[in-house]
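To start, the structure itself, in structure tokens.
The values are calculated or read from the model by the stated rules, or taken from the named source; none is laboratory data. Quick caveat, the model's predicted, so the values are computed rather than measured. Note: ideal-geometry Cβ built from the backbone for every residue, glycine included; neighbour counts use all protein chains shown. Note: accessible area is taken over every heavy atom of the protein model, side chains too, but ligands, DNA and RNA are not part of it. Shrake-Rupley method; radii C 1.70, N 1.55, O 1.52, S 1.80 Å.
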Amino acid sequence: MLLAVLSGFILAALAPWLTRSLQDKAGWVLALLPAGLFVYFLSWVPVVVAEGAQVVAYPWIPGLDISLTMLVDGLSLLFALLISGIGTFIIIYAGGYLHGHEYLPRFYAIMFSFMAAMLGVVLSNNLITLFVFWELTSITSYLLIGFHHEEKESRWYALQGLIVTVGGGLALLAGLIMLALAGGSFELHEILASEELRDYGFYAGMVILILLGTFTKSAQVPFHFWLPNAMAAPTPVSAFLHSATMVKAGVYLMARLNPGIGGTELWLYALGIFGALTMFTGSFMALRSTGLKAVLAYTTVMALGTLTMLIGIGTEQAIIAAMTFLLAHALYKAALFMLAGALDHETGTKDITRLGGLRQLMPITFITACVAALSLAGLPPLFGFIAKELMFEATLQAPLISTFTTVLAVVSAIMIVAMAAVFSLRPFLGPLKETPKKPHEAPLSMLIGPVVLAGLSLVFGLAGFLPATALVGPAVAAVHGAPLDFDLYLWHGINLPLMLSVLAVVAGLLLFWQWDRVLAVYRRMTFIDRFGPERGYEKLMDGLVWLAAWQTRLLQNGYMRNYLLTIVLTTVGLTGWTFFVHTGSSAPLGTIEFAVHEIVVAGLVVLGAIVASVTSSRLGAVATLGMVGFGIALLYVFFSAPDLGTTQIMVETLTVILLVLVLFRLPAFQNLSSAAARLRDAVVALSLGGLMTLLILAVNAVEVTDRISDQLVAWSYPEAHGRNIVNVILVDFRALDTLGEIFVVGLAAIGVYAMIRLRAEDRKK
Amino acid sequence: MTNEAFETPNLLLALPEIWLLAMACVVLVVDLFSNDRDHGPAFWLTQVTLLGGIIITVSTQWGVDATTFSGTYVADSLGALLKIGILVLAFLGFAYSRDYMRDRGILKGEYYMLGLFAVLGMMVTVSAGNLLSLYLGVELMSLSLYALVAIDRDSSRASEAAMKYFVLGALASGMLLYGMSMLYGVTGTLDLGEITAAAAELDDRRFLFLFGLVFMMVGVAFKFGAVPFHMWVPDVYHGAPTPVTLMIATASKVAAVGLFLRLIGEGLLPLLESWQHMVVLLAVLSLLIGNTVALVQTNIKRMLAYSTFNHVGFILMGFVAGTPEGYAASVFYALTYAFTVAATFGVVLLLARKGFEADHITDLKGLNDRSPLFAFVVLILMISLTGIPGTVGFYAKWMVLKSVVEAGFVWLAVLAVIGAVVGAFYYLRLVRYCYFDKAEGEGPQPTGSGGFQAVLAANGLLVLVAGIFPGTLVAVCLAAFL
């Protein structure tokens, strides 16, 4: 099973080389892998039908609770079969579609990576492995949308798709972490067995985060805009990733988690309402599209909305409908996409209004398109009809929101019928129109897929028991949490769903008949483009750039004074906050008694500082700063630290000399700051000074540990045999300190000497 | 205070630092008497020193838990792990920088000497068991780095950057020292272990502890380059010669992690409640500012500088929980991030040639056509920095997120994740230039020597391999805290 997933990656590495050496046959040969995988997954069907879900485990990163566990049940198997089955045809198809393209080897490499990643998503039992594969699908999708990278639009839309899906994906990660915490495990089968997920404290947050991930991936309103734009990709990619598989990953995950976290009102409203809205938006936008691929993209959005809505409704009927619809949609949509590609490939245009009368030139394409479109429209005897009947039945029985969902479902169905007719009839009937290329029937490689898939739509419609027992049944069991007994057949008798179907078909054909007028109406509705969520995305991106530029101007302007300002303010803020929060207003402030001479010296220090900051003479500033330094040295002496005082005086002297020597070399003093800026600086400086004062007062109120000076006094004579404590401290207790100080002062003196020498030499010149 | 008898320290325990100090002096002297214009002997001796340091560290300190020099020096697995990281990063830095420095005429013996002293400072920092040795290490590192930034004395941009770095750094060091002095005032000891014990016994002097904590946090945040103490980072990254930027961006970040863990993470763990919110604040600001501003940068070095804040935010988030798992996540993050960034700067250095810095993002246009190997390396590095699954960057983010979610900060995790998404935008832009655009003019050309290219390619591919098999490194990081 592990090999089945990873084989895609292995083949991806070999694909470029194989493509070059096999030339034209590459598509057919490479398709052997997905075909083989299809058969392999098919062999699991009897096992799952007979014995239920299977878990296959391989260890990977034990330190992080990440293991490669595979969960094989009806749901994952249904997806795996779709991925490998449709994948087989897509690979063959791409060989014809991109025949002779310079990047075909790269294309196959990415395509197989994607296929492997997608299989990983649906088969992973471990949340993290699932997420890893999930994001890999986004990245491969990015590379495939941007396949025609010479075109600016392709690159732009590729990035758009990536940002939306990866963004949602990361929200999903947060959601999955919460899910793992709630379920007490990272293994899906253990999490889903837990009964307490819905009572989890952060249930709502968890569901919303997970849904952000699934909604972005599965193009639900309001994130749906990226999917039609992703049609910039080559058609095989659109058919495979953006219709049949990748975009369904979100649906897969919602279906997968349904037995564990579904069934609540939040789940019903979020999925039901957003799904229904997406369904409506998709069909509404499809109706106004004239591009072959755009029509299909929007009907895909419709289908994804329908699936989300059905999972949200969550009744037995709805789950059966969802799984049936999923299968039906994958079959007809992949076929339609490949046919659209064939039309585009053979005629050179994707614009429906420019195509016509191709029925005789491309007969197989025409017939296949009709069959697939009938399934899309939901007409008997196609499988799509069964799916649509079930869907109507489910919306009619939906709890709480049944009117809302039913109305939207019927309206959407009408529009979809119209578009199915547009798609399958417009290009083929009527007079032959001039096209950029001279049309003829597509090659076998491009027709085999659509013919087989459309044929399956017909077979499954006529023999509903086949998918019911082998595919849909086990999948329904997995999504519902328990097996259900049901059957799929065309004729249900005359009932409300059938009436709705008839209504949809009749109204849809009317719309088709008047389609040109409908288009004219749409053209007047320009607000869709001006206010859609895509504009929101663009505004958001622009806003980010603007914010970045603004922040740079504000904080990162290159002026050190502003940097200092920020640092000082933050420090004051943090300390002040701690001061008032942790000690309260009742901070134990100590009081200090001063002697007169201390006050005088302190006053001089303050005076020096003030003069230094307001004077416009450099020399004056240096001199007054020296005053501050000497004042402090004096204070050291007063507080019986003569050693410190001496050092301070020496350092101060040297500093003043150095500064004077250096400053002489600078250009004349200029006043660059405005009065307001200086006032601001003063306030900031005072805030720091004030805070320090408060701190010192607070510290003073506290009895600190034993004063070290008492110890020194006690040791002075017995240990060091000295009666002069200052001497003992300097040359004995702190001998190394003194040495260091001498060293530093000496070094500074050498510097001063060098500076004086330099100046003297300057003079000589 | 008791009058302790002088004990002969167990020098063997501190062998890595002693080796480095001795060899730095040897390099200094050898370079003085060597006539090689390319400073070959200094280069090779430096690399031998670093490799030797790795071997010594692994063999003498991994799995050990002991102190020497009266408790001022700690030899343990955490220190060993960080030191190995620092040494390897320095090795990579020197390996990548030789051609660049020579082309610009700033390849001097001092470069190796200062670099080695900076490394020594980092090693002392991460092995400190005492406030004094901690500060000593931090200052040795910082002072060496200030000088290194200004090693290209004729570049006004470098001089300006060095000046800013020095003034702001001195201020931050002052705050750090001030905070330490408060701690000493309250506890009467410099020993981190004793301070931890004292912090656990709360009394009416607790608030003094808290003030000391705030000041030390400011100092540490500055060394990290965490917002709002970050303004020096873009200017220094941009102004300094790229090899020096590499050193500051990688090894010094790992040292900063060590600084935080020794001083606050482990030293003041009993005060977790008090510093937790500060770390959260720093992390949030770093995530917000870093990501938004990186978006508009067109200079790779500045872009990496801003994106550093994002990663610093993640590293800080790992500290928030105050658990061994969280700390292990931070260490894992810092190490993997540093290796990825080292390779990124390596690519910039590789493509740089005389008169062409290759530090503008459009300078990478068409790299795939010129050198598919290094375009692939850029691809790996960028997706790893973005944190896309399958790369080592993802597991780093994952470990951190897990730890904060377990600590109950779900909103913080969500915020970080949003930041990471924005990050995807500017990291992947580089990839786009490499793969999707055609080269303009001469375009990017790999210029370095064979050895340089081989080391760089190995560095890039190691990031890939670590992404596929992260198990061992994760286990090592966890083991360092257990």
Query raised in the report: Just one of A:Phe428, A:Phe383, A:Phe404 is over 38 Å from the mean Cα position of the chain (by Cα) and on the phi < 0 side of the Ramachandran plot; which is it?
Result: A:Phe428
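Here is a yes/no grid of residues against (1) modelled with pLDDT of 85 or more; (2) open to solvent by 30 Å² or more (accessible area, probe 1.4 Å); (3) farther than 22 Å from A:Phe512 by Cα; (4) not in a helix (DSSP H, G or I):
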position: A:Val422; (1), (2), (3), (4): yes, no, no, no
position: A:Leu429; (1), (2), (3), (4): yes, yes, no, yes
position: A:Glu434; (1), (2), (3), (4): no, yes, yes, yes
position: A:Pro450; (1), (2), (3), (4): yes, no, yes, no
position: A:Ser457; (1), (2), (3), (4): yes, no, yes, no
position: A:Gly473; (1), (2), (3), (4): yes, no, yes, no
Report task. Say whether the condition of being of a type in the set (Phe, Trp, Tyr) and surrounded by fewer than 24 Cβ atoms within 10 Å (Cβ to Cβ) is met by at least one residue in the stretch A:92-99. Result -> no
Query raised in the report: Does B:Lys397 meet the test of being touching a residue at least 60 places away in the same chain (Cβ under 8 Å), within 9 Å of chain A (Cβ to nearest Cβ), open to solvent by less than 30 Å² (accessible area, probe 1.4 Å) and of a type in the set (Lys, Arg)?
Result: yes
Query raised in the report: What are the residues in the stretch A:184-206 that are part of a helix (DSSP H, G or I) and within 13 Å of chain B (Cβ to nearest Cβ), if any?
Result: A:Tyr203, A:Ala204, A:Gly205, A:Met206
Requested in this report: Report the residue count in the stretch A:545-567 for those that are part of a helix (DSSP H, G or I), open to solvent by 20 Å² or more (accessible area, probe 1.4 Å) and either closer than 21 Å to B:Phe166 by Cα or in contact (Cβ under 8 Å) with a residue 40 or more places away in the chain (or both).
Outcome: 7
Requested in this report: Run A:Ala158 past the list (1) open to solvent by 10 Å² or more (accessible area, probe 1.4 Å); (2) within 10 Å of chain B (Cβ to nearest Cβ) and report the number of the one that doesn't hold.
Outcome: (1)
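Results for (1) open to solvent by 30 Å² or more (accessible area, probe 1.4 Å); (2) within 29 Å of B:Thr196 (Cα to Cα); (3) among the polar types (S, T, N, Q), shown as yes or no for each residue.
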residue	(1), (2), (3)
B:Thr125	no, yes, yes
B:Ala128	no, yes, no
B:Ser133	no, yes, yes
B:Leu140	yes, yes, no
B:Glu160	yes, no, no
B:Phe166	yes, no, no
B:Leu171	yes, yes, no
B:Tyr178	yes, yes, no
B:Leu183	no, yes, no
Report summary line: Considering only helices (runs of 4 or more DSSP H) wholly within the stretch A:210-304, the ones with at least 3 residues that are more than 21 Å from the chain's Cα centre (by Cα) are A:235-239, A:248-261, A:265-288
Query raised in the report: What do you reckon, is A:Val752 in a helix (DSSP H, G or I) and within 24 Å of A:Ile657 (Cβ to Cβ)?
Result: yes
Requested in this report: Considering every residue within the stretch A:134-142, establish whether at least one is of a type in the set (Ser, Thr, Tyr), more than 9 Å from every other protein chain (Cβ to nearest Cβ) and touching a Leu at 6+ places or on another chain (Cβ under 7 Å).
Outcome: yes
Report summary line: Filtering the stretch A:732-749 for residues that are in a helix (DSSP H, G or I) and touching a helix residue (DSSP H, G or I) at 6+ places or on another chain (Cβ under 8 Å) leaves a count of 8
Requested in this report: Test A:Arg535 against the stated conditions and say whether it is closer than 28 Å to A:Phe223 by Cα and assigned to a helix (DSSP H, G or I).
Outcome: yes
Report summary line: Across the stretch A:169-196, the tally of residues that are open to solvent by less than 30 Å² (accessible area, probe 1.4 Å) and either more than 27 Å from A:Met246 (Cα to Cα) or of a type in the set (Ser, Thr, Tyr) (or both) stands at 3
**Report entry** Wholly within the stretch A:1-84, helices (runs of 4 or more DSSP H) carrying at least 3 residues that are under 27 Å from the mean Cα position of the chain (by Cα)
**Finding:** A:2-22
Requested in this report: Consider B:Leu282 carefully, then state whether it is in a helix (DSSP H, G or I), more than 17 Å from the chain's Cα centre (by Cα), under 30 Å from B:Leu190 (Cα atoms) and within 14 Å of chain A (Cβ to nearest Cβ).
Outcome: yes
Query raised in the report: Are there any pairs with C-beta distances below 6 angstrom linking a residue in the stretch A:167-183 that is more than 8 Å from chain B (Cβ to nearest Cβ) and in a helix (DSSP H, G or I) to a residue that is of a type in the set (A, V, I, L, M, F, W, C) and open to solvent by 10 Å² or more (accessible area, probe 1.4 Å), with the two at least 6 apart or on different chains, and if so which?
Result: A:Gly168/A:Leu212; A:Gly175/A:Leu209; A:Ala180/A:Phe186
Requested in this report: Tell me, please, whether a residue that is under 23 Å from A:Gly262 (Cα atoms), outside any helix (DSSP H, G or I) and open to solvent by less than 20 Å² (accessible area, probe 1.4 Å) can be found in the stretch A:113-125.
Outcome: yes
**Report entry** Flag for A:Ser154 being within 16 Å of the chain's Cα centre (by Cα), within 21 Å of A:His242 (Cα to Cα) and of a type outside the set (Asp, Glu)
**Finding:** no
Query raised in the report: Out of all the residues in the stretch B:314-332, is one or more outside any loop (DSSP other than H, G, I, E, B) and over 30 Å from B:Gly129 (Cβ atoms)?
Result: no
Query raised in the report: Tally time: how many residues in the stretch A:580-606 are at pLDDT below 75 and more than 14 Å from chain B (Cβ to nearest Cβ)?
Result: 2
Query raised in the report: Within the stretch A:598-643, how many residues turn out to be farther than 30 Å from A:Val731 by Cα, part of a helix (DSSP H, G or I) and open to solvent by 70 Å² or more (accessible area, probe 1.4 Å)?
Result: 10
Requested in this report: Determine, yes or no, whether A:Ala219 is more than 17 Å from B:Lys402 (Cβ to Cβ) and either away from chain B (no Cβ under 11 Å) or surrounded by fewer than 24 Cβ atoms within 10 Å (Cβ to Cβ) (or both).
Outcome: yes
Query raised in the report: How about the stretch B:325-337: which of its residues are crowded, with 24+ Cβ neighbours inside 10 Å and touching a Gly at 6+ places or on another chain (Cβ under 7 Å)?
Result: B:Tyr327, B:Ala329, B:Ser330, B:Tyr333, B:Leu335, B:Thr336
Report task. Starting from the stretch B:448-466, keep only residues that are more than 16 Å from B:Ala375 (Cβ to Cβ), then list their pairs with residues that are open to solvent by less than 60 Å² (accessible area, probe 1.4 Å) and of a type in the set (Phe, Trp, Tyr) whose Cβ atoms are within a distance under 9 Å, requiring at least 6 positions of separation or different chains. Result -> B:Phe452/B:Tyr96; B:Val455/B:Phe91; B:Val455/B:Tyr96; B:Leu462/B:Phe339; B:Ala466/B:Phe339; B:Ala466/B:Tyr395
Report task. Could you check, for the stretch B:367-375, whether at least one of its residues is in contact with a Lys or Arg (Cβ under 9 Å, 6 or more places away or on another chain), of a type in the set (D, E, K, R), farther than 18 Å from B:Ala334 by Cα and more than 10 Å from chain A (Cβ to nearest Cβ)? Result -> yes
**Report entry** From B:Gly318, B:Gly290, B:Gly313, B:Gly322, residue being closer than 22 Å to B:Leu482 by Cβ, open to solvent by less than 10 Å² (accessible area, probe 1.4 Å) and of a type outside the set (Lys, Arg)
**Finding:** B:Gly318
